[in-house]
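Each remark here refers to the structure printed beneath this line.
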Amino acid sequence: MAAQQFDFGMIGLGVMGRNLLLNMADHGFKVIGFDKDNQKTTAFEEAANPGTTVKGVVSLQDMVSQLATPRKIMMLVPAGKPVDDVIESLLPLVQPGDIIIDGGNSHYTDTLRRVTYLQGKGLHFMGVGVSGGEQGARTGPSIMPGGDQEAYPHVQPMLEAIAAKVNGEPCVAHLGKGAAGHYVKMVHNGIEYAIMQLISESYDLLHRGAGLSNDELHQVFDTWNKGDLQSFLIEITADIFLQPDEKDSSKRLVDLILDKAGAKGTGKWTSQDAMDIGVPIPTIDMAVTMRNISSLKDERLKAAAVFNTVQGKIDTDKETFIKQVHDALYFGILMSYTQGLAMLHRASTELDMQIPLQKVVAVWRGGCIIRSTLLDLFTKIYTANPQLENLLLNEQIAGLLQDKQQNLRTVAAAAIQHNYAAGCLLAAISYFDAYRSGQLPINLLQAQRDYFGAHTYQRIDQPGTFHTIWNK
Ligand code: 6PG
């Protein structure tokens, strides 16, 4: 056993792994990182602040043998097979009681499988969501651990030290049983997809629709970021409009970026799982769909020619329209959180995860991609009522939405009239209209189901289940 006993080990010194570990070292922990690539281990050591204890090694065994027991080892490697491969290579090196943490964006069902597998070998395995990108990892991410209650106290001091702080409180908490950490992170990403798409749709309407220049857009988003839309995503959007192209500084980079988005899958997983547990999250679904449509660039160009598509100028008073788009975006963003949190509420019981929603929203207040001023309000609401099924049932939220809904309708109508794709804004208002409606036309749909498939129906005037021989 080497003399130096390290407190924490990291497998994978990519952007996230390296920065999390350096963050931990800054907080006084002795850290050791493994990566096969010795350029990465060297870069890692060189980036360490003076006075911190940081070591990079290219042998996994070297790392494991220098860790204090119970060993605390996090991996930050791509989701899927690489995680299983790392686990297999660790097995001969670790001993019962050691704690293995997956800090990547793994699918929660994989995490559940790994928990059981490693439990059988006497090892602790925790799925931990980490959000905040490179900067967040280095200076304070939002951390979403779940699962193994016995192991958590061993890693809690480190996670609390490195997490973002809001009013002095660390943005990390134990978020439930089993794979709850990864589940919460998955839904975080679904909300992230929806907010990003809503911002992009708002940008389109302001830019092509109302003719705002990049400088004006910067101004608008910067102002919004000082008000009730204050959030990380609005803040970086304001910055983006000012970024010049490196080659030609007379141009703005945003205008030169191809309108075709990739995705690593977490948004899609959110939609898939919401379907599985029967929770409507149409704004998030639409955000996933819009990325898929964006990727059909060649087909879209052909279709634009077939239909001679022109996104026309929206003839409106600029200042009034900016205010209307503000309200539409606010409404859409609020609806994205609402749907994601309603999904977590259902998953908590349906998948037996026992997710404390009041802690989820508190952890999201700082460090993560979806942090925003709204999360302070949600924290108050869920602290008062952790079992709230849906934010729309809260009076304060209802008041905020009532104020904004007319402007969303106006903006949505303008988008439709002038051929703009505004799927997430439309999905937000449609969800609202359906959820707050005491009567839906599903009576007719039920009649149809019974007509062709004898699926039966219930009546409003008497109890029981009925079937009719239609059109005798
Ligand atoms: C975060 C992010 C991050 C995530 C990507 C999603 O919270 O820091 O959610 O974990 O991997 O932002 O990437 P795609 O857009 O490529 O799916």
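The values are calculated or read from the model by the stated rules, or taken from the named source; none is laboratory data. Since this is a predicted model, take the numbers as computed values, not measurements. Please note: Cβ atoms are built from the backbone with ideal geometry, for glycine as well, and neighbour counts cover all protein chains shown. Remember, those area values only see protein heavy atoms, side chains included, never the ligands or the DNA or RNA. Shrake-Rupley method; radii C 1.70, N 1.55, O 1.52, S 1.80 Å.
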* When the stretch 230-251 is examined, which residues are found to be more than 23 Å from the chain's Cα centre (by Cα) and open to solvent by 60 Å² or more (accessible area, probe 1.4 Å)? -> Leu242, Gln243, Glu246, Lys247, Ser249, Ser250, Lys251
* Asked: Restricting to the stretch 115-155, what's the tally of residues that are within 12 Å of the ligand (Cβ to nearest atom), at pLDDT 95 or above and open to solvent by 70 Å² or more (accessible area, probe 1.4 Å)?
  -> 0
* Say we look at the stretch 249-263 and pick out the residues that are touching a helix residue (DSSP H, G or I) at 6+ places or on another chain (Cβ under 8 Å) and within 16 Å of the ligand (Cβ to nearest atom); which of these is farthest from Asp298 (Cα to Cα)? -> Ala263
* Structure fact -> the stretch 276-385: helices (runs of 4 or more DSSP H) wholly inside it with 1 or more residues that are open to solvent by 70 Å² or more (accessible area, probe 1.4 Å) and within 24 Å of Phe221 (Cα to Cα) are 318-350
* Asked: From the list Ala179, Ala194, which one is surrounded by 23 or more Cβ atoms within 10 Å (Cβ to Cβ) and not assigned by TED's automatic domain parsing to the domain that holds Pro282?
  -> Ala179
* Can you pull out the residues in the stretch 401-412 that are closer than 27 Å to Cys171 by Cβ and surrounded by fewer than 18 Cβ atoms within 10 Å (Cβ to Cβ)? -> none
* Does Leu426 satisfy being within 30 Å of Tyr337 (Cα to Cα), open to solvent by less than 90 Å² (accessible area, probe 1.4 Å) and not in a loop (DSSP other than H, G, I, E, B)? -> yes
* Taking the stretch 209-229 only, how many residues are open to solvent by less than 30 Å² (accessible area, probe 1.4 Å) and in contact (Cβ under 8 Å) with a residue 60 or more places away in the chain? -> 6
* Asked: Tell me, which residue of the stretch 83-110 that is open to solvent by less than 50 Å² (accessible area, probe 1.4 Å) and within 15 Å of the ligand (Cβ to nearest atom) is nearest to Phe125 (Cα to Cα)?
  -> Asp102
* Asked: Can you find a residue in the stretch 328-348 that is out of contact with any Pro (no Cβ under 7 Å at 6 or more places or on another chain), within 16 Å of the ligand (Cβ to nearest atom) and free of Cβ contacts under 8 Å to residues at least 60 places away in the same chain?
  -> no
* Count, please, the residues in the stretch 435-472 that happen to be assigned to a loop (DSSP other than H, G, I, E, B) and under 30 Å from Ala398 (Cα atoms). => 7
